[in-house]
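The values are calculated or read from the model by the stated rules, or taken from the named source; none is laboratory data. Small disclaimer: the values here were computed from a predicted structure and weren't measured. All Cβ positions, even for glycine, are placed from backbone atoms using ideal geometry, and neighbour counts span all protein chains on display. Note: accessible area is taken over every heavy atom of the protein model, side chains too, but ligands, DNA and RNA are not part of it. Shrake-Rupley method; radii C 1.70, N 1.55, O 1.52, S 1.80 Å.
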Amino acid sequence: MDLRQVYTQIIKEHNGNGYHKHHLKAPTDSKEGVNPSCGDQITLELKIKDNVIMEAAFTGYGCAISQASADMMIDIIEGKDIHEARKLISLFMRMIRNELTEEDDIELLEDATALKDIAHMPARVKCAVLGWHTLEEMLP
Ligand SMILES: [Zn+2]
C-alpha cells in the first residue's frame with residue numbers, strides 16, 4: 001500500500017498543528033520513547049492526580065505518523081482515569097495489529113481511527129504505536 005493513502009487530512013492536521021506539542025508546567029512524570037527504525041523520538045509528559053490523567057503533552061521529532069499519533073492519543077486520554085486509558089491503549093494496539101473483534105468500538109479512538117490502515121503497513125506500525133507504548137509504560 002502506498003503511504004499516501006493513509007496520509008489523510010486528519011494526520012496532516014495533527015502533525016502540522018501539534019495541538020498538544022508543548023511542555024507541561026508541572027508534570028508528575030515524563031518519559032522518552034524512541035523508534036530507531038524510523039528515527040522517531042517523543043517525550044511524553046503527564047500530570048496524574050487521583051489516578052486521573054489531568055493533563056498530557058509531548059515534544060519530539062520524527063515522521064508525521066509518529067507525531068500525529070501522539071497528538072491524537074493525547075486528545076482522547078486527557079481527563080480519563082488510568083483504567084480507561086489502559087483500555088484505549090489496548091483498543092488502539094488491536095486496531096494497529098488488525099486484531100479487532102466485534103465487541104471493539106473504534107469510534108472511541110476518535111481521530112486516531114485515521115491510522116487504521118497502518119495495520120497493512122508493517123514498517124510504519126512502530127511509528128504509530130510509539131506514543132501509546134510510552135504512555136502504557138508510564139501508567140502506574
Ligand atoms: Zn516514523
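Ordering T134, T28 by accessible area with a probe of 1.4 Å, largest first, what comes out?
Details: T134 5, T28 85 Å².
Putting T134, T28 in descending order of accessible area: T28, T134.
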At 1.4 Å probe radius, can you tell me the per residue accessible area of the chain in Å²?
51
Apply the a/c threshold of 1.5 to the C-alpha gyration tensor of the stretch 51-98 and tell me whether it is rounded, prolate or oblate.
oblate
Qualifying GluC sites (Glu not before Pro) for the stretch 76-140 [loop in DSSP, other Cβ within 10 Å: at most 13]
E99, E102, E103
Mean shadow area (nm²) of the C-alpha convex hull around the chain is 7.8
Output wanted: per-residue J couplings in Hz (rounded whole) for the stretch 38-46, from phi through Karplus 6.51 cos²θ - 1.76 cosθ + 1.60, θ = phi - 60°, x for Gly and Pro.
10, x, 8, 9, 9, 10, 9, 10, 10
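For the chain, which whole percent of the accessible surface, found with a 1.4 angstrom probe, sits on carbon and sulfur atoms?
Ligands and nucleic acids excluded, carbon and sulfur give 47 percent.
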Gaussian network model of the chain, Cα springs within a sub-10 Å range: biggest mean-square fluctuation belongs to which of M95, M73, M121?
M121
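Compute the relative contact order of the chain as a whole-number percentage, counting only Cα pairs closer than 8 Å that sit 6 or more residues apart in sequence. Each step should come with its number before you reach the end.
Numbers: 234 pairs, mean separation 38.0, N = 140.
The value is 27 percent.
From largest accessible area down, sort R94, R124; use a 1.4 Å probe on the protein chains. Before the final figure, lay out the partial values.
Numbers: R94 65, R124 40 Å².
I get R94, R124, largest accessible area first.
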Helical mean residue ellipticity (222 nm; -39500 (n - 2.57) per DSSP H run of 4+; nearest 500) of the chain:
-12500 deg cm²/dmol
Put Y19, Y61 in order of accessible area, largest first, probe 1.4 Å, and you get Y61, Y19
J(HN,Hα) series, the stretch 57-63, from Karplus relation 6.51 cos²θ - 1.76 cosθ + 1.60, nearest Hz, glycine and proline x
7, 8, 10, x, 8, x, 6
